[in-house]
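The structure under discussion appears below in the form of structure tokens.
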């Protein structure tokens, strides 16, 4: 897949952490790695699922793999603990 400009926006729809979600993310990582070797300047990866509470787990997987395979230093999301209070 070739890009006409050095930017890409990927809208990824997960399937509640089904094993194929991880396989498909791995495929995107390989594609992003290729684009990085061709000097892509910006990558926007929009991750979501029908149950958004599951999105962070797959996002952490994506970031870990990108950092390892592409030599990046992306920060993982910080999880906030719920304290069951209004204030």
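The values are calculated or read from the model by the stated rules, or taken from the named source; none is laboratory data. Everything numeric in this text was worked out from a predicted model, so none of it was measured. Heads up, the Cβs are rebuilt from the backbone with ideal geometry, glycines too, and the neighbour counts pull from every protein chain shown.
Any residue that is in a loop (DSSP other than H, G, I, E, B), exposed (fewer than 14 other Cβ atoms within 10 Å of the Cβ), touching a residue at least 12 places away in the same chain (Cβ under 8 Å) and over 10 Å from the mean Cα position of the chain (by Cα) - is there at least one of those in the stretch 62-71? Working first, answer last.
Initially, the stretch 62-71 is screened for residues in a loop (DSSP other than H, G, I, E, B), giving 71.
Add one more test, that the residue is exposed (fewer than 14 other Cβ atoms within 10 Å of the Cβ), and what stays is 71.
Remaining after also requiring touching a residue at least 12 places away in the same chain (Cβ under 8 Å): none.
Looking through the stretch 62-71, none of the residues is in a loop (DSSP other than H, G, I, E, B), exposed (fewer than 14 other Cβ atoms within 10 Å of the Cβ), touching a residue at least 12 places away in the same chain (Cβ under 8 Å) and over 10 Å from the mean Cα position of the chain (by Cα).
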Out of all the residues in the stretch 15-36, which are over 15 Å from residue 61 (Cα atoms) and out of contact with any helix residue (DSSP H, G or I) (no Cβ under 9 Å at 6 or more places or on another chain)?
31, 34, 35
Give me the pairs: first residue in the stretch 1-22 and in contact (Cβ under 8 Å) with a residue 40 or more places away in the chain and at positive phi, second residue surrounded by 12 or more Cβ atoms within 10 Å (Cβ to Cβ) and not in a loop (DSSP other than H, G, I, E, B), beta-carbon distance under 6 Å, and six or more apart or on different chains, which are they?
17/54
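Give me a count of the residues in the stretch 27-56 that are part of a helix (DSSP H, G or I), surrounded by 11 or more Cβ atoms within 10 Å (Cβ to Cβ) and either on the phi > 0 side of the Ramachandran plot or more than 10 Å from the chain's Cα centre (by Cα) (or both). Give the derivation first.
Initially, the stretch 27-56 is screened for residues part of a helix (DSSP H, G or I), giving 27-37, 52-56.
From what is left, the residues that are surrounded by 11 or more Cβ atoms within 10 Å (Cβ to Cβ) are 28-36, 54-56.
Remaining after also requiring either on the phi > 0 side of the Ramachandran plot or more than 10 Å from the chain's Cα centre (by Cα) (or both): 30-36, 54.
Of the residues in that region, 8 qualify.
Mind checking whether some residue in the stretch 2-18 is part of a helix (DSSP H, G or I) and either surrounded by 10 or more Cβ atoms within 10 Å (Cβ to Cβ) or modelled with pLDDT of 95 or more (or both)? Spell out how you get there, then give the answer.
Taking the stretch 2-18 and keeping what is part of a helix (DSSP H, G or I), we get none.
No - not one qualifying residue is present in the stretch 2-18.
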